[in-house]
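Only one structure is covered here, and it is reproduced in the block below.
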Amino acid sequence: MGLFDKKDKRQKKESGITKYLEGYNKTNKSLASKITELFGGVTAIDDDLLEQLLVVLIQADVGVVTSEKIIEKLKQKIADDFLTRKDQCLEALAEVMSEVYDPDSVSDLEFTKGETKVIMMVGVNGSGKTTSISKIAKYYMNQGYTVGLIAADTFRAGAVDQLVRWAERLGIKCITGKENADPASVMVDGCRYFKENPVDIIIADTAGRLQNKKNLMNELSKMKRVTGREIEGAPHEIWLTIDATTGQNGLSQASQFIEATNITGVILTKMDGTSKGGIVLAIKDQFGLPVRFITYGEDIDSITEFWLEGYLQTVIEEA
Ligand SMILES: Nc1nc2c(ncn2[C@@H]2O[C@H](COP(=O)(O)OP(=O)(O)OP(=O)(O)O)[C@@H](O)[C@H]2O)c(=O)[nH]1
Ligand SMILES: [Mg+2]
């Protein structure tokens, strides 16, 4: 049974394969086409090919360490299984990428109708928190969940309005605080409101300014603490938005948030602005974090739940 026979039927059913591939094709095209180009001229599976492949991976933002790991494992597989054909080598590449991502280490997202779960969205400013919140809200509403928002970004003028406008368009409630109010107090107000008026999923926006690590840690842990006091186990998810166009620089900014709080997943944004789809593998390998959603445009439907097999399929299928 090949790698791509094991597609996750549940996800496929929920969102539709066409939608997945539409998203991935937009974002992953260049990594795929560079691999196609490389393998197009291949006459032998040798060290020279592997060296060129390493360069392609690094250029696609897979990161040096992760790219080297992939090439090392691929070399081993080629030797162990006596692979000589390029289609075998490509299949092996997808298998190795899957091993590096290690999908078994990623738990399924669990939202249940009638049970409130809280998602806190964090990330540097401009990385796409507010926009992604609206997209994710609509995504889950389409699946029949009820969603409410908390505008706990009280720092930036206009941030609250931005989220309120999205909520109005979606026809859902958004709890707000005053500008410069303590974000933790807005979290409390929001949780209390949604305890009285329950929804399945609460998504909270936070301020994205890059402070020093200690302040960031203090602020996030206070928000977490008060949220947990209001709703048991909350926040159930803390998602970090990473702007894919910022590449390795974005990863190092993201690492400040990862050190400051226990992030549970990544929303990889602006994939339409980059051809470097490899960042997905770097995030998982370097930070141990699964990519939960990718976004690829400014309109509200430009989002897809991350699906490893779909992603890998676009990497190798064209070649
Ligand atoms: N092309 C493209 N633009 C995006 C995407 N996601 C967000 N944007 C744009 O990026 C800009 C910043 O997005 P926001 O959602 O406001 O980012 P934020 O993290 O909330 O920013 P702050 O509130 O300042 O911390 C906006 O102009 C969005 O329209 C995407 O997937 N693709
Ligand atoms: Mg925002």
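The values are calculated or read from the model by the stated rules, or taken from the named source; none is laboratory data. Because the structure is predicted, anything quoted here is derived from the model rather than measured. As a convention, Cβ positions derive from the backbone with ideal geometry for all residues, glycine included, and neighbour counts pool all protein chains shown.
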* Before we move on, is residue 118 outside any loop (DSSP other than H, G, I, E, B), touching a residue at least 24 places away in the same chain (Cβ under 8 Å) and over 20 Å from the mean Cα position of the chain (by Cα)? -> no
* **Search result, residues across the range 277-319 that are in contact (Cβ under 8 Å) with a residue 40 or more places away in the chain, aliphatic (A, V, I, L, M) and touching a Phe, Trp or Tyr at 6+ places or on another chain (Cβ under 7 Å)** => 280, 281, 294, 303, 308, 319
* Any hit, the range 237-257, residues being part of a loop (DSSP other than H, G, I, E, B), closer than 26 Å to residue 113 by Cα and more than 14 Å from ligand 1 (Cβ to nearest atom) -> no
* Structure fact -> Given (1) without any contact (Cβ under 8 Å) to a residue 60 or more places away in the chain; (2) more than 26 Å from residue 278 (Cβ to Cβ); (3) assigned to a helix (DSSP H, G or I), residue 144 misses just (3)
* Quick one: would you say residue 136 is away from ligand 2 (no atom under 14 Å from the Cβ) and under 20 Å from residue 262 (Cβ atoms)? -> no
* To do: Among the candidates 116, 146, 130, single out the residue that is buried (at least 16 other Cβ atoms within 10 Å of the Cβ), in contact with an Asp or Glu (Cβ under 7 Å, 6 or more places away or on another chain) and more than 19 Å from residue 234 (Cβ to Cβ).
  => 130
* Asked: Only one of (1) touching a strand residue (DSSP E or B) at 6+ places or on another chain (Cβ under 6 Å); (2) more than 16 Å from ligand 2 (Cβ to nearest atom) fails for residue 108. Which number is that?
  -> (1)
* Taking the range 62-97 on its own, how many of its residues are in a helix (DSSP H, G or I), modelled with pLDDT under 95 and polar (S, T, N, Q)? -> 1
* Right, residue 241: closer than 23 Å to residue 179 by Cα, crowded, with 21+ Cβ neighbours inside 10 Å and β-branched (Val, Ile, Thr) or not? -> yes
* Considering only the range 152-167, how many residues are more than 9 Å from ligand 2 (Cβ to nearest atom), within 15 Å of residue 183 (Cα to Cα), touching a helix residue (DSSP H, G or I) at 6+ places or on another chain (Cβ under 7 Å) and not in a loop (DSSP other than H, G, I, E, B)? -> 0
* **Some residue of the range 218-228 being part of a strand (DSSP E or B), more than 16 Å from ligand 2 (Cβ to nearest atom) and within 21 Å of residue 267 (Cβ to Cβ)** => no
* Candidate set: the range 198-212, residues that are closer than 13 Å to residue 231 by Cβ and away from ligand 2 (no atom under 16 Å from the Cβ); chosen: the one surrounded by the most Cβ atoms within 10 Å (Cβ to Cβ) -> 202
* Residue list for the range 211-245, restricted to those being out of contact with any helix residue (DSSP H, G or I) (no Cβ under 7 Å at 6 or more places or on another chain) and of a type in the set (A, V, I, L, M) -> 238
* Structure fact -> Exactly one of 260, 282 is closer than 25 Å to residue 96 by Cα, more than 16 Å from ligand 2 (Cβ to nearest atom) and surrounded by 19 or more Cβ atoms within 10 Å (Cβ to Cβ), and that one is 282
